[in-house]
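Asker: Below is a structure I'd like to ask you about.
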Amino acid sequence: MKKVFSKIVLSLVILTVSFKFANSTVGLGTKFATIVLEKLEPGGVYNITKLRNLPLVVINSGSTETEVAVDIEIPTKEELKEGYEPILDPEWIKIIPNRFNLKPSESYTCDVIVSVPNDPKLIGRHFQAKIWAHTVGDDLFGAGVVNRLFFSIGAPGPESVQKAKKKELLFSFNFDTEPKDIYLTVPVGKKVDILKEFDKSIKLINKSKSEIVVKLESVENKRGENIIAQVPSQYEFTPNVGFISFKKDTIKVKKNSVQDAGFYITIPDEKIHYEKQYMFIVKIYPIKPEIPVEFYTKVFVTVKK
């Protein structure tokens with residue numbers, strides 16, 4: 001049997017839902033990992049608890065004893081993750097046990113077993129199932145919690161395929177920008193065309209063998225919790241990143257070519273800006289192909305009245 005690969009996307013996810021009425025609470029929770037199983041074989045039977053020691057744990061978070069059922073359901077189109085289709089038959093997955101009673105604060109551990117039909121036509125397909133743990137009965141105040149399970153038959157999952165494609169794209173990606181710093185002196189109260197007035201621009205250099213589409217943005221000086229660049233002592237970071245605008249903020253750069261990205265600077269005619277020196281940061285990043293790289297150009301502006 002081929003090796004089964006599984007990825008624990010987010011381990012020990014605890015989901016709870018509860019309703020209060022009268023002097024009691026009906027509540028239910030689950031502790032289960034979001035699991036992606038890859039390369040399952042047609043005809044194979046897989047106990048997730050034994051495979052990765054990840055049982056489904058159902059918890060009574062309410063204040064009264066309750067009966068619980070755990071069912072497998074076909075997800076709706078709106079619930080599907082990209083790249084997956086709904087499981088064809090809920091009987092492919094068994095929850096053992098799938099019905100039990102729980103006292104307040106009590107939990108129950110269930111095995112999750114995936115049985116793949118012995119059908120070679122399923123190879124290469126990716127399925128999603130919904131695990132619904134809920135209270136039993138017609139009570140208006142019933143509670144239920146949904147977990148998801150993803151598995152691929154005879155193939156890597158969509159996430160793995162996409163990751164491999166991105167690695168391949170990143171390896172062949174050959175793009176850069178110049179210059180890294182631009183120095184300008186601009187007047188207030190005028191929309192200044194930097195390419196026309198100063199013959200300066202951000203050059204987009206594509207040495208790749210295919211066209212690249214990039215996006216340009218004037219951004220704040222931060223990337224997550226970190227700053228992008230130190231601001232020189234004689235400058236201050238711009239009070240408004242919108243003072244820079246672009247002739248085109250989305251640009252197609254042909255293969256083996258260099259293209260100018262023209263931009264404008266407009267500083268309002270207000271006393272607060274007179275004789276100031278501002279630093280701006282322009283971020284350039286590919287959107288086609290969409291890969292996680294960013295380029296930055298710092299624009300240093302001396303403002304004249």
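The values are calculated or read from the model by the stated rules, or taken from the named source; none is laboratory data. These numbers were taken from a predicted model, which means no experiment stands behind them. Cβ coordinates were reconstructed from backbone atoms using ideal geometry, including for glycine residues, and neighbour counts include every protein chain displayed. Note: accessible area is taken over every heavy atom of the protein model, side chains too, but ligands, DNA and RNA are not part of it. Shrake-Rupley method; radii C 1.70, N 1.55, O 1.52, S 1.80 Å.
Asker: Counting heavy atoms of the protein chains only and a 1.4 Å probe, report the per residue accessible area for the stretch 211-283 as a whole number of Å².
Answerer: With all protein chains present, the stretch 211-283 gives 58 Å² per residue.
Asker: Under 5 Å between amide H atoms, partner at least 5 residues away or on a different chain: which partners does LYS203 have, H built in plane at 1.01 Å?
Answerer: Amide H neighbours of LYS203: GLU178, ALA261.
Asker: For the stretch 225-305, restrict the atom set to alpha-carbon positions and state the Rg and Dmax in Å.
Answerer: 15.1, 46
Asker: Follow-up. What is the set of long-range amide H partners of GLU211 at a cut-off below 5 Å, with H atoms built 1.01 Å from backbone N?
Answerer: The list, which skips near neighbours in sequence, is LYS255.
Asker: Need the full-extension length gain, THR250 to LYS103, defined as separation in residues times 0.36 nm minus the C-alpha distance. One decimal, nm.
Answerer: Values: separation 147, 0.36 × 147 = 52.92 nm, distance 5.93 nm.
Result for the pair: 47.0 nm of gain on full extension.
Asker: Of all the accessible heavy-atom surface of the stretch 176-275, with the other protein chains kept in place and a 1.4 Å probe, what percent is carbon and sulfur?
Answerer: Accessible surface attributable to carbon and sulfur in the stretch 176-275 totals 46 percent.
Asker: Further question: Evaluate E = 1/(1 + (r/R0)^6) for THR34 and GLU275, where r is the Cβ-Cβ distance and R0 equals 51 Å; express this FRET efficiency to the nearest 0.05.
Answerer: The formula returns an efficiency of 0.35 here.
Asker: I would also like to ask the following. From the phi of every residue in the stretch 189-204, what ³J(HN,Hα) in whole Hz does the Karplus formula 6.51 cos²θ - 1.76 cosθ + 1.60 yield, where θ is phi - 60° and glycine or proline is x?
Answerer: Karplus values, whole Hz, x for Gly and Pro: x, 9, 7, 9, 7, 5, 5, 6, 7, 10, 6, 10, 7, 8, 8, 9.
Asker: Each residue of the stretch 239-255 in order: what ³J(HN,Hα) in whole Hz does its phi give by Karplus 6.51 cos²θ - 1.76 cosθ + 1.60, θ = phi - 60°, with x for Gly and Pro?
Answerer: x, 8, 5, x, 5, 9, 9, 10, 4, 9, 8, 10, 10, 8, 10, 5, 4
Asker: So, in nm, how far is label THR64 from label GLU41 when the simple model puts each one 7 Å beyond its Cα toward the Cβ?
Answerer: Here the modelled spin labels are 5.0 nm apart.
Asker: Give me a comma-separated list of calculated 3J(HN,Hα) values for the stretch 72-77, in order, Karplus coefficients 6.51, -1.76, 1.60 applied at θ = phi - 60°, integers in Hz, x for any Gly or Pro.
Answerer: Result, ordered by residue: 9, 10, 7, x, 7, 4 Hz.
Asker: Still on this structure: Quick check: residue separation of LYS77 and ILE287 times 0.36 nm, minus the Cα distance between them. What number comes out in nm?
Answerer: Result for the pair: 72.9 nm of gain on full extension.
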